[in-house]
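Below is one structure, written out as structure tokens; the observations come after it.
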């Protein structure tokens, strides 16, 4: 306890110098303006050489503290608190943004690909980590594979069903001409057998009927063969606007010799285009689709029963960032409601002399390009056909695996 004897005034002055805004007042010293005084009483222990039983007088310390220094200290403390709070908020926001981005970005990718499922263009997503999002991505990829397998099976089943229906219809179409051919030949045989004098007169009529029906059968077979021989598309980068203008130019050249009524300022066939960029497709097959649609529209709007000719308009425009849309619309009578549901089936036609394969071929070409074709009735009547094709083009067929011959096993020698 003898160390308390060293707590002299220089010691307390040193402490006051280290504590800003405070000082030790000497006995009787008055505080300065703006200072607050605090008194502290420290108990003292008698020194070793003091008389036994004596008590040391307490040490009274008067400390003057500046009010401005207190305010400044409190302001610094508040500033430190505010800065620390802002830094903590920014740090928490950065950490939260990083975590949210790590979680949300895969979900956004999943959502984007999920929206493409209906179009059949969804692609597997990259799986990272082992959390719930990764499990969801694995499940999505498995679903995509299952859907692709199911789509291939359904496509194969639909093709089989389409060929069955086509075979049934072509058999029916061929059977119809056979009846008059058979009747004509049987009549000729009967007249010939009884040496009827009417044989020579009926021969010319019968052979004419037979030749007409044979040509009809040949036409049916040729159309069916053309439908069956559609080659897989050979995609290349093409300009959809140029294709549309090319097709319209073909029909406009045929319409030039015809005189358009002076009172009709609207052209018989017109085209409206918008910049579309490149499209990966088989140019000849897309031309074939548009030629078929424009031809049907031109035939549907021909002048009939005193009515003037109608109008056909071709539109080429982008269908979002990943597809191109071709539209052929006319103001004709439209498609009869009785065949709308089977409009794209082979031999579904109510047109006189039509084979019913044109729209079936157009649909097949559109599907093999990864797109679709649809019919709708115009707001003011008429027919509207829309063909939507993806910019990426048809899927490339998988390469055929080479056939490796199995080594022949040699017998015992």
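The numbers here are math on the coordinates, done by the rules we state, and not lab data. Only a predicted model underlies this, so the values are computations on that prediction, with no experimental measurement involved. All Cβ positions, even for glycine, are placed from backbone atoms using ideal geometry, and neighbour counts span all protein chains on display.
Annotation for residue 138 and residue 98: the two label points, set 7 Å from Cα along the Cα-Cβ direction, are 2.6 nm apart. Take the alpha-carbon centre of region 272-296, take the same for region 191-223, and report the distance between them in whole Å. Their Cα centres are 43 Å away from one another. Full extension of the chain segment joining residue 149 with residue 55 gains 23.6 nm, where the gain is 0.36 nm per residue of separation less the Cα-Cα distance. Here the peptides 195-207, 281-293, 334-346 are ranked by packing, the mean other Cβ count within 10 Å, and the order with the highest first is 281-293, 334-346, 195-207.
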